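Colleague: One structure coming up, written as structure tokens, with questions to follow.
The values are calculated or read from the model by the stated rules, or taken from the named source; none is laboratory data. Since the structure is predicted, the reported quantities are computational estimates derived from the model, not experimental observations. In this analysis, Cβ positions are derived from the backbone assuming ideal geometry, glycine residues included, and neighbour counts consider all displayed protein chains. Surface areas here come from the heavy atoms of the whole protein model, side chains and all, with no ligands, DNA or RNA. Shrake-Rupley method; radii C 1.70, N 1.55, O 1.52, S 1.80 Å.
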Amino acid sequence: MATPGRHGPSQYTLAVESTEWLTPHLVRVIAVGESLAGFADSGHTDAYVKLLFVDPTLDLEPPYDLAALRATLPPDQQPVVRTYTVRWVDRAARRLAIDFLTHGDSGVAAVWAAKAAPGDRLVLAGPRGAYTPDPAVGWHVFAGDLSALPAIAASLEALPAHAHGIAHIEVADPADILHLTRPAEVAVNWLVNTDEGDTTFLARAMENMHWPAAADVPGAVQVFAHGERESVKAIRKVLHARGVPREAISISGYWARGRTEDAFQAEKREPIGRID
């Protein structure tokens, strides 16, 4: 069963079963563990977990008391926590998949995933989530980059067969384009953006797309827009101009260009990090 960490949610200790490179920049890690039998169902397609990385030289066994470690360890040995979407979970088979966006040798979680081997330990806490596609909505809109792809893909798979809508997915490399399972009337628009400084790229695609005549009527549209922070802010302006009700929008930044993960998380509490 899951083990409750002190001062925090239950922690699950898993072992890597296998890895698969889905694209040149996206690697899937499948992990297994008996504790997944009790892995909670968040009820959301953007279900996410906190991955817990502790300096292996400390020879610590989970569950980790993160508060105690942060209070006692020097800066270079502080535990690292990263947030990732669960791509899928099979509780009966005790298996779970997480897709990692890799970007060279920087970062913690992505570097770990790129080098992960069968038997490697993975400790996580969660899950939580906030978005579920409403089967009664007439028009579904998704927008994001590769960081949002796991949540978008899981959401497309959860849509009813009669669903209508469109997904705009930004990639920097055409080799990162994947086949996604989706209802017949939900289009997937892969958009290749080679200018990493262009933060309005996705917003322009959404602005120029065909919107149903009743898209600004409450209950007629539901939007999921997540990804790079400034890109998402630009999308929010488009949605505001369209008059899409705020309660019909799930929107947030998963990362920020030019920021480390820790700096990005800290800025979430500042005006620069807010997306209303």
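Colleague: Among the residues of the stretch 224-268, count how many are at pLDDT below 90 and within 16 Å of E170 (Cβ to Cβ).
Modeller: 3
Colleague: Same structure, new question: Looking at E170 and the list (1) without any contact (Cβ under 8 Å) to a residue 40 or more places away in the chain; (2) within 17 Å of L22 (Cα to Cα); (3) charged (D, E, K, R), which single condition is not satisfied?
Modeller: Here E170 clears every test but (1).
Colleague: Looking only at the stretch 171-191, which residues are among the aliphatic types (A, V, I, L, M), open to solvent by 50 Å² or more (accessible area, probe 1.4 Å) and under 18 Å from the mean Cα position of the chain (by Cα)?
Modeller: A172, I177 - these are the residues of the stretch 171-191 that are among the aliphatic types (A, V, I, L, M), open to solvent by 50 Å² or more (accessible area, probe 1.4 Å) and under 18 Å from the mean Cα position of the chain (by Cα).
Colleague: Among the numbered criteria (1) touching a His at 6+ places or on another chain (Cβ under 6 Å); (2) in a loop (DSSP other than H, G, I, E, B), which one does L178 miss?
Modeller: Among (1) touching a His at 6+ places or on another chain (Cβ under 6 Å); (2) in a loop (DSSP other than H, G, I, E, B), L178 violates only (1).
Colleague: Being touching a Ser or Thr at 6+ places or on another chain (Cβ under 6 Å) and not in a helix (DSSP H, G or I) narrows it down to one residue among P127, P150, P183; which is it?
Modeller: Just a single option satisfies the conditions, and that option is P127.
Colleague: Which residue is surrounded by the fewest Cβ atoms within 10 Å (Cβ to Cβ), if the candidates are limited to the stretch 58-77 and must be on the phi < 0 side of the Ramachandran plot and outside any helix (DSSP H, G or I)?
Modeller: P74
Colleague: What's the number of the condition D176 fails, among (1) in contact with a strand residue (DSSP E or B) (Cβ under 6 Å, 6 or more places away or on another chain); (2) free of Cβ contacts under 8 Å to residues at least 12 places away in the same chain; (3) acidic (D, E)?
Modeller: Here D176 clears every test but (2).
Colleague: Between residues in the stretch 232-254 that are over 15 Å from F142 (Cβ atoms) and residues that are of a type in the set (S, T, Y) and open to solvent by 40 Å² or more (accessible area, probe 1.4 Å), which pairs lie under 7 Å by C-beta distance while being six or more apart or on different chains?
Modeller: A234/T199; A234/T200
Colleague: Write out, first by first residue and then by second, each pair whose Cβ atoms fall under 7 Å of each other, whose residues are 6+ apart or on separate chains, and whose first residue, in the stretch 60-73, is over 14 Å from Y12 (Cβ atoms) and free of Cβ contacts under 8 Å to residues at least 12 places away in the same chain while the second is open to solvent by less than 50 Å² (accessible area, probe 1.4 Å) and aromatic (F, W, Y).
Modeller: The qualifying pairs do not exist here.
Colleague: Of the residues D55, D99, only one is under 30 Å from A175 (Cβ atoms), of a type in the set (D, E) and open to solvent by less than 50 Å² (accessible area, probe 1.4 Å); which?
Modeller: D99
Colleague: Of everything in the stretch 8-49 that's under 17 Å from the mean Cα position of the chain (by Cα) and among the acidic types (D, E), which residue is surrounded by the most Cβ atoms within 10 Å (Cβ to Cβ)?
Modeller: D46
Colleague: Here is a further query. Whether any residue in the stretch 200-220 is closer than 26 Å to P24 by Cα, open to solvent by 20 Å² or more (accessible area, probe 1.4 Å) and part of a loop (DSSP other than H, G, I, E, B) is what I want to check.
Modeller: Yes, the stretch 200-220 contains at least one residue that is closer than 26 Å to P24 by Cα, open to solvent by 20 Å² or more (accessible area, probe 1.4 Å) and part of a loop (DSSP other than H, G, I, E, B).
Colleague: Inside the stretch 102-131, can you point out the residues that are closer than 30 Å to A163 by Cβ and open to solvent by less than 60 Å² (accessible area, probe 1.4 Å)?
Modeller: Of everything in the stretch 102-131, those that are closer than 30 Å to A163 by Cβ and open to solvent by less than 60 Å² (accessible area, probe 1.4 Å) turn out to be G126, P127, G129, Y131.
Colleague: Let me confirm something: among V80, V137, V86, which residue is among the β-branched types (V, I, T), in contact (Cβ under 8 Å) with a residue 40 or more places away in the chain and surrounded by fewer than 21 Cβ atoms within 10 Å (Cβ to Cβ)?
Modeller: Of the residues listed, the single one that is among the β-branched types (V, I, T), in contact (Cβ under 8 Å) with a residue 40 or more places away in the chain and surrounded by fewer than 21 Cβ atoms within 10 Å (Cβ to Cβ) is V137.
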